[in-house]
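The values are calculated or read from the model by the stated rules, or taken from the named source; none is laboratory data. All values reported here derive from a predicted model rather than from experimental measurement. When we count neighbours, we look across all protein chains shown, and the Cβ atoms used for this are built from the backbone with ideal geometry, even at glycine. Protein only, heavy atoms only, side chains kept; ligands, DNA and RNA dropped before computing areas. Shrake-Rupley method; radii C 1.70, N 1.55, O 1.52, S 1.80 Å.
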Amino acid sequence: MKLFNGMNVLNGELSISGVRVGDLKKKYRTPLYIYDENLLEKQCRIFINNFKSSKFKTEILYASKAFSCLEVLRIASREGLGVDVVSLGEIYTAIKSGFDMSKAYFHGNNKTLEELAYAIEVGVGTIVLDNDYEYEIINEIAKKNNKIIDVILRINTGIDAHTHEYIKTAKDDSKFGYSVYDDTIFDLIDDINRQSHLNFLGFHSHIGSQIFEESSFFEAVKVVMEFSKKVQDKLNIVIKVLNFGGGFGVYYTDADKPFELAEFLQRFIKVIEEESENFDLNLNKVIIEPGRSLVCNAGSTLYTVGGVKKTFAGREYVFVDGGMADNPRYALYKAEYEAAIVNKMDKEKDTVYTIAGKCCESGDMLVMDVKLPKVESGDLLLISSTGAYNYSMSSNYNRLPKLPVVFVKNGSSRLVVKGETVEDLLRNDI
């Protein structure tokens with residue numbers, strides 16, 4: 001298992017930001033989500049310090065769907081980020097965290113009337129329009145409340161980024177956005193721009209997630225810029241804001257080859273500057289929306305081993321006290337992870353195991369075919385890079401309570417999300 005910044009081994013035991021994992025087990029029990037707060041802050045600063053330009057303003061939005069809780073949003077706000085929200089719940093969480101809602105952008109392909117009315121009521125800064133149906137609803141709400149709403153339109157560039165089918169978002173048949181190759185888009189943009197209660201600023205584009213090819217992002221820039229130029233020339237509308245989304249690939253296993261983030265962001269800005277000049281665009285602001293790349297590697301999940309079982313077919317299973325309820329990504333995407341027995345970091349890894357969860361589901365697997373030292377009941381097993389789309393996708397399948405979340409920093413730990421109790425499972429039952 002790769003040791004990220006802040007992970008160290010002392011006397012055969014893993015520590016994270018100076019906190020022994022065994023001590024976390026004693027204090028908080030398992031299963032448990034652990035986040036290195038130093039690494040979270042470092043990732044925020046890499047984006048802030050390297051995605052900047054002398055030609056236009058830049059803004060980093062945290063795509064909070066990756067992991068939303070009060071404390072992670074407080075950190076994002078403190079570090080100078082804006083926030084990308086996609087539901088009433090994410091908006092409410094951002095408000096309660098103290099976030100400046102003028103720096104919030106509301107996304108989604110089917111925002112409800114209730115969500116849109118709430119977003120406008122609480123002062124969400126910008127609404128990202130996905131389609132003509134949504135535009136009409138927002139326009140009516142804005143008129144009714146006599147408010148002027150900043151909006152940008154999500155466009156679909158058709159770029160086929162090389163990533164998992166379920167997390168591609170810019171294919172021509174994607175559910176997201178309005179295709180730049182559909183000629184009716186010009187009528188829609190013109191109509192939006194004519195509305196007295198909508199302030200049309202520009203476009204949003206997102207090509208997918210977990211992308212390792214820089215060229216995919218650079219190609220998207222060119223397509224968006226070229227389309228923006230067409231809009232300016234055809235409709236005499238000045239495009240002021242472009243949002244290029246996120247999707248920057250991260251490390252899960254040694255099969256992943258993420259680019260060096262700081263260097264990429266500098267090249268990314270340079271491409272945006274060059275293309276905006278090539279297409280004669282006078283942009284006020286350029287935005288990106290990292291989510292996974294901010295929080296993924298900072299997070300790990302700690303389990304206690306229950307049993308070890310060798311099947312008649314020869315597969316050796318390690319059973320842990322969590323599973324697909326706290327990490328559904330293998331079941332969804334066949335997502336791959338690295339793992340370690342953190343109380344035996346100095347032991348030889350000589351046996352191939354499959355790590356399986358406790359849910360009553362044959363597909364409840366967490367890591368397939370991983371080399372570990374001899375595993376015994378009571379060992380502590382940690383799966384790394386679970387900081388994104390684990391807590392946020394977790395469920396109560398099999399009536400399992402959701403896990404607590406602990407932040408560690410400089411030798412101390414603190415609980416930031418309480419784990420559920422069995423009583424919590426019944427709180428909405430009648």
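Among the residues of the stretch 330-379, which ones are among the polar types (S, T, N, Q) and part of a loop (DSSP other than H, G, I, E, B)?
N343, S362, S377
Six or more apart or on different chains, Cβ atoms under 9 Å: show the pairs whose first residue is in the stretch 82-97 and closer than 11 Å to E289 by Cβ and among the small types (G, A, S) and whose second is modelled with pLDDT of 95 or more and surrounded by fewer than 17 Cβ atoms within 10 Å (Cβ to Cβ).
The qualifying pairs are G82/D100; G82/S102; G82/G125.
It is to be established whether one or more residues within the stretch 365-384 are surrounded by fewer than 19 Cβ atoms within 10 Å (Cβ to Cβ) and closer than 22 Å to L39 by Cα.
Checked the stretch 365-384: no residue is surrounded by fewer than 19 Cβ atoms within 10 Å (Cβ to Cβ) and closer than 22 Å to L39 by Cα.
Only one residue in N199, N193 is of a type outside the set (A, V, I, L, M, F, W, C), open to solvent by 50 Å² or more (accessible area, probe 1.4 Å) and outside any helix (DSSP H, G or I), so which one is that?
The match here is N199.
If I filter the stretch 234-246 for residues that are in a strand (DSSP E or B), within 28 Å of E336 (Cβ to Cβ) and in contact (Cβ under 8 Å) with a residue 12 or more places away in the chain, do I get at least one hit?
No - not one qualifying residue is present in the stretch 234-246.
Just wondering, is there one or more residues in the stretch 50-69 that are open to solvent by 30 Å² or more (accessible area, probe 1.4 Å), at pLDDT 95 or above, closer than 22 Å to V416 by Cβ and in a helix (DSSP H, G or I)?
yes
Limited to the stretch 101-113, what total is found for residues that are in contact with a helix residue (DSSP H, G or I) (Cβ under 7 Å, 6 or more places away or on another chain) and either assigned to a loop (DSSP other than H, G, I, E, B) or closer than 25 Å to S77 by Cβ (or both)?
Number of matching residues: 4.
Regarding F312, is this residue more than 24 Å from V417 (Cβ to Cβ) and either under 23 Å from the mean Cα position of the chain (by Cα) or not in a loop (DSSP other than H, G, I, E, B) (or both)?
When the stated conditions are applied, F312 does not pass them.
Is there any pair with a first residue in the stretch 358-371 that is on the phi < 0 side of the Ramachandran plot and a second that is of a type in the set (V, I, T) and open to solvent by 70 Å² or more (accessible area, probe 1.4 Å) whose Cβ atoms are under 8 Å apart and which are 6 or more apart or on different chains, and what are they?
Filtered contacts from the stretch 358-371: V370/V352; K371/V352.
Given the criteria surrounded by fewer than 18 Cβ atoms within 10 Å (Cβ to Cβ) and more than 17 Å from the chain's Cα centre (by Cα), does K103 qualify?
Taking the combined requirement at face value, the residue does not satisfy it.
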